[in-house]
Amino acid sequence: MTLKTKSATAVVLAIAAIGLGGCIHWKNPFAGNTHAKYTGKGERIPVMTLDDSLKPADALKGVGFYIPDPAPMADWPLPGGTPEQSVENAAAGADFTVAWRAKYGAGSARSTHITAPPIAAGGRIYVMDGAARVTAYDAASGRQIWSVDAALRTRRNHEAWGGGLAYDNGRVFVSSGYRFVAALDATNGKKIWETRTDAPVHAAPTVAGGRVFVESVDDDLLTFDEGTGATGWTYQALVEPARILEATSPAITGDEVVASFGSGELVALQTSNGNGLWTAVLSKSNRNSALSEIRDIPGRPVVYKGDVFAVSHSGLFAAIDLRTGETRWTLPVTSISTPWPVGDVVFVTDTSGEVICVARESGQVYWVVNLNKGIVKTKDRADWSGPMIASNRLIVVSSKGEAVAMDPKTGVIQKRLKIGDDALMNPIAAGPDLYVATQNADLIAIR
């Protein structure tokens, strides 16, 4: 059985019996991936009890915070822009008007589903539709440069969906629900290598240090040689029978990779061999609905200034020390999006339509704005994706075909832009423009 909420974002598998748990940690001092309980000192202190609603902290009233000045992004080669999945304030989309739009293939439908954020490199934008067709466009004009059908169709895989893209060293790396990972020549789309996988891949790759990292729907973290496609080490997380059928990509910094899984596990491993460093489980112990039993972390983990920021569908948003795996603070946030840390704060959107601004060091809340406030009927409420910071604005996009620019210091809406399509993935920035890929397979440039 498949359950589906009001948007394609919240497609989930049928819920099986799942044990309850808390935010659990283990550290592995030994080589290999053997799980061991963490027995070190230290006490995790939540900012508020998990039953409390989010409210601005009295201690932060009248207190300002720092956001870095906008900086140009020539390229956006990975789903989150960098291997850390972290960008601060992109100098893009200043006018907040649509520059061009292009149709790039099959949109999300009964048998197809777009999970690939666009990527950008060398003045080109690369997108993948719901049927594994990869297309390159000129970033300035929207002119199509090439388009190839990358699907690996077999009797077993005559129908599939999902996957994503990454770019490095003149190659576009493709992962797919058709059970393969491949490298294409970025100039013309010709296939350089292709390696099959045992399970479908709905997530975009992360490429760093000569390796391609990608997660399968079986909660396997897979690695491949960037040059040849040869398989490397793998890491098997706990297999979760109930999960969001969305995509997440690991974050990489130095010799450490941080990956999130459908079980709610957030795992740090050595990039060279997959040896475990630490694990945190983002799961509330007092889940009170069937959907809250789904502990998946569909958004990307983000590494920023020594911390990892991640948020789960189970209702836990956490800041975790990158070195030790210790939880610094938690908040009761249910989300399928990727947090956006920048300067002194971190922004996140939740499944109810709230945009939340949090003090990065303390976890206290600066402000909360509900973009669905006053909308009574569930069918009329939008799902909001993002956020991102661009040209000193906080940008979010919605399933109702709208992009909204907000004041990041206050949450006040500054501008609304009708883009016309169901937008469920974070925008990206490259050159002067923002780019949004919609569920109808429209690529929209916002200048």
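The values are calculated or read from the model by the stated rules, or taken from the named source; none is laboratory data. All of these numbers come straight from a predicted model, not from anything done at the bench. Quick reminder, even Gly has a Cβ in these numbers, built from the backbone with ideal geometry, and neighbours come from all protein chains shown. Surface accessibility is based on the protein's heavy atoms, side chains included, excluding ligands, DNA and RNA. Shrake-Rupley method; radii C 1.70, N 1.55, O 1.52, S 1.80 Å.
Quick one: in the stretch 338-377, which of the residues that are among the polar types (S, T, N, Q) and in contact with a Gly (Cβ under 7 Å, 6 or more places away or on another chain) is nearest to Val311 (Cα to Cα)? Per the criteria, the residue is Thr338. In the stretch 92-107, the residues that are under 28 Å from Val148 (Cβ atoms) reach residues that are open to solvent by 20 Å² or more (accessible area, probe 1.4 Å) and of a type in the set (Lys, Arg) with C-beta atoms within less than 6 angstrom, at least six apart or across chains, in these pairs: Ala99/Arg447; Gly105/Arg133. Candidates in the stretch 362-375 are the residues that are touching a residue at least 24 places away in the same chain (Cβ under 8 Å) and outside any strand (DSSP E or B); of these, the one that is nearest to Thr115 (Cα to Cα) is Leu371.
When the stretch 399-426 is limited to residues that are at pLDDT 95 or above and open to solvent by less than 20 Å² (accessible area, probe 1.4 Å), the one that is nearest to Phe347 (Cα to Cα) turns out to be Pro408. None of Leu238, Leu222 is closer than 20 Å to Gln85 by Cβ and open to solvent by 10 Å² or more (accessible area, probe 1.4 Å) except Leu222.
Flag set for Val345, criterion: out of contact with any Leu (no Cβ under 9 Å at 6 or more places or on another chain), closer than 22 Å to Tyr66 by Cβ and modelled with pLDDT of 95 or more.
Which numbered condition trips up Phe180, out of (1) closer than 20 Å to Tyr126 by Cβ; (2) under 21 Å from the mean Cα position of the chain (by Cα); (3) in contact (Cβ under 8 Å) with a residue 40 or more places away in the chain? Result: Phe180 fails condition (3) only.
In the condition set (1) closer than 22 Å to Ile67 by Cβ; (2) out of contact with any Asp or Glu (no Cβ under 8 Å at 6 or more places or on another chain); (3) hydroxyl-bearing (Ser, Thr, Tyr), Thr330 is compliant with all but (1). Considering the conditions (1) open to solvent by 60 Å² or more (accessible area, probe 1.4 Å); (2) modelled with pLDDT of 95 or more, Lys373 is excluded by exactly one of them, (2). Per the conditions (1) open to solvent by 10 Å² or more (accessible area, probe 1.4 Å); (2) without any contact (Cβ under 8 Å) to a residue 60 or more places away in the chain, the sole criterion not satisfied by Thr378 is (2).
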